[in-house]
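The values are calculated or read from the model by the stated rules, or taken from the named source; none is laboratory data. Because the structure is a prediction, the values reported are computed rather than measured. As a convention, Cβ positions derive from the backbone with ideal geometry for all residues, glycine included, and neighbour counts pool all protein chains shown.
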Amino acid sequence: MSASPLYDIPLTLIDGTPTTFGRFAGKTVLVVNVASKCGFTPQYAGLEALYRRFADDGLMVVGLPCNQFMGEEPGSENDIAQFCELNFGVTFPLTAKVDVRGKHQHPLYAELTKFQKGILPGLIKWNFEKFLVNADGVVIDRFASAVDPESNQLVAAVETALVHATA
């Protein structure tokens, strides 16, 4: 396993537990900036389904709530956790709210947005953008908000990453 610069980045889980992205070392991770009052909020169901489908194969989904896009995540961490559990049965980890761009951009997003492949380089455009990080902590793909978590495109990328993780 490489010493990925992502692994030292601090995270605070939604319940206030401090950790680092390194807790996911050796896993394929789908990182998603999420919000409870967004047109893409129903994607929580697809993210949970994807997580349950591939968790035993080494996939981790991590949701980072963000209130930077039209105030679509106004609640407290407790409100967010309850909303996700009650409405979508979310069992994958969520973090405390973060900024994904701007002056107070979370260090994880400072690293993730360095990924320059594909049609979405640079800044986060909206909620529910997705980054796929391989088991070595390298960003290997990025998906727009409109890409459904259970789409053929995203599922194929996850399957490929998982195959390479076990190779």
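Below are the figures for this structure:
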| item | result |
| --- | --- |
| Lone qualifier among 102, 118, 122 - being part of a loop (DSSP other than H, G, I, E, B), farther than 24 Å from residue 137 by Cβ and modelled with pLDDT under 95 | 102 |
| Filtered residues of the range 147-163 (kept if farther than 20 Å from residue 33 by Cβ and in contact with a Ser or Thr (Cβ under 7 Å, 6 or more places away or on another chain)) | 162 |
| Within the range 1-13, considering residues that are surrounded by 14 or more Cβ atoms within 10 Å (Cβ to Cβ) and in contact with a Phe, Trp or Tyr (Cβ under 9 Å, 6 or more places away or on another chain), the one farthest from residue 44 (Cα to Cα) | 4 |
| Residue that is surrounded by the fewest Cβ atoms within 10 Å (Cβ to Cβ), among those in the range 14-30 that are under 22 Å from residue 78 (Cβ atoms) and in contact with a helix residue (DSSP H, G or I) (Cβ under 9 Å, 6 or more places away or on another chain) | 16 |
| Those residues of the range 132-155 which are in a loop (DSSP other than H, G, I, E, B) and buried (at least 16 other Cβ atoms within 10 Å of the Cβ), in sequence order | 134, 135, 136, 137, 145, 147, 148, 149 |
| Residues that are over 15 Å from residue 88 (Cβ atoms), surrounded by 19 or more Cβ atoms within 10 Å (Cβ to Cβ) and out of contact with any Cys (no Cβ under 7 Å at 6 or more places or on another chain), drawn from the range 31-59 | 31, 54, 59 |
| Condition met for residue 73 (surrounded by 15 or more Cβ atoms within 10 Å (Cβ to Cβ), among the acidic types (Asp, Glu), in contact with a Pro (Cβ under 9 Å, 6 or more places away or on another chain) and not in a loop (DSSP other than H, G, I, E, B)) | no |
